[in-house]
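Below is one structure, written out as structure tokens; comments come after it.
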Ligand code: BV8
């Protein structure tokens with residue numbers, strides 16, 4: 001770690017940052033649900049084929065997430081958000097734990113599990129019913145509601161993605177916490193930062209395709225390692 005000051009920080013988080021809060025990761029041993037894999041359910045085709053099954057999965061996840069609390073890693077990012085003038089948190093997670101922890105500058109690349117969208121009118125609503133009052137939930141217009149998340153094969157919101165690109169292209173320090181770095185286009189963001197000269201630090205339990213590219217790889221749990229990293233970084237923030 002050079003003792004350079006860091007003027008602007010971008011952070012990319014994945015399911016691993018919420019693991020210690022009790023939220024199952026996508027590709028870990030509990031990444032399964034009944035006999036399905038996330039990639040089989042988080043698609044528009046699965047929803048078209050069986051909206052009830054897809055909504056049963058989301059209802060189960062919402063129930064689980066509702067009982068989970070942000071952990072020390074989420075809290076550390078709130079502290080960084082408050083202390084660092086140029087800061088952006090880009091998350092692949094849909095669990096809303098960053099906002100519940102108090103993070104304000106958050107870009108949710110893949111949407112939010114606590115929002116639903118009318119499949120006819122595209123109107124987006126907050127919905128925190130646990131469990132859902134009906135599965136699948138319906139809009140007052142009579143159409144089906146869907147989770148307001150980005151499924152595999154769907155494009156990300158261009159404004160959100162554009163803001164993420166700007167954040168990583170302008171940062172001089174990028175932290176990547178708890179992601180397997182396989183889902184695109186999110187997985188390309190750290191390399192974009194690195195190519196622009198950013199210092200890249202990865203925190204994960206294990207190595208990922210990104211590790212060879214990072215300036216530092218910290219192998220360990222996010223809730224332990226991120227607070228320690230913040231203590232080390234604090235004095236180098238300018
Ligand atoms: C797109 C929302 C343009 C839903 C998610 C072929 C056909 C079609 C598309 C593709 C294709 N090939 C590639 C693609 C693109 C595809 C893709 O990337 N597929 C992958 C699987 C290869 N991407 C897309 O479809 C995207 N759209 O590209 O549009 C397009 C369109 C059509 C065709 C081509 C291109 C949309 C992707 C968004 C999908 N939606 N979620 C929901 O959540 O219900 S993605 C889902 O995976 C979650 O958001 C999750 O966050 C994300 C990434 O996973 P991770 O967060 O990294 O979680 P994971 O479990 O994998 O890893 C956890 C990590 O944490 C591990 O490394 C583990 O070691 C670590 N860890 C665990 N515990 C801890 C820890 N680390 C630290 N501490 C701990 N305690």
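None of the figures in this text is laboratory data; all of them are computed from the coordinates on show. Given the structure is predicted, the values throughout are model-derived calculations rather than measurements. For neighbour counting, all protein chains shown are included, and Cβ atoms are generated from backbone atoms with ideal geometry for every residue, glycine included.
Quick look at the numbers
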item	result
Viscosity 0.692 mPa s, 37 °C: Kirkwood-radius Stokes-Einstein D of the chain over Cα pairs, µm²/s	178
Extension gain, residue 143 back to residue 43 (0.36 nm per residue minus Cα-Cα distance, nm)	34.1 nm
Separation of the residue 191 and residue 82 label points, Cα + 7 Å toward Cβ, nm	3.7
Cα gyration tensor, the stretch 71-110 - rounded (a/c under 1.5), prolate or oblate	oblate
Rounded if a/c under 1.5, otherwise prolate or oblate - the stretch 146-185, Cα gyration tensor axes	oblate
Computed over the stretch 38-190: relative contact order in percent, which uses C-alpha pairs under 8 Å that are six or more apart	23
Unit Cα scatterers, Debye sum, the stretch 1-138: log10 I(q)/I(0) for q = 0.09, 0.15, 0.17, 0.18 Å⁻¹	-0.32, -0.81, -0.99, -1.09
Percent antiparallel among DSSP beta bridges (both partners in the stretch 1-131, rounded to 5)	35
Global form of the stretch 61-184, assessed from the alpha-carbon gyration tensor, a/c cut-off 1.5	prolate
Between 0 and 90°, nearest 10: helix 72-83 axis offset from the chain longest Cα axis	60
GNM flexibility winner over the chain from 202, 121, 225 (Cα, springs under 10 Å)	121
Mean-position separation - Cα centroids, the stretch 54-133 and the stretch 174-189, in angstrom	17
Within the chain, helix-based [θ] at 222 nm, where runs of 4 or more DSSP H residues each add -39,500 (n - 2.57), nearest 500	-9000 deg cm²/dmol
DSSP bridge orientation in the chain - percent antiparallel, rounded to nearest 5	30
Helix 51-66 vs. the chain, principal-axis angle (Cα, 0 to 90°, nearest 10)	50
Between 0 and 90°, nearest 10: helix 222-233 axis offset from the chain longest Cα axis	30
Residues residue 133 and residue 184, FRET efficiency given R0 of 22 Å [Cβ-Cβ distance, rounded to 0.05]	0.05
Spin-label pair residue 104/residue 124, simplified geometry with 7 Å Cα→Cβ offset, distance in nm	2.0
Choice from 219, 12, 89 with maximal GNM fluctuation in the chain (Cα, 10 Å cutoff)	219
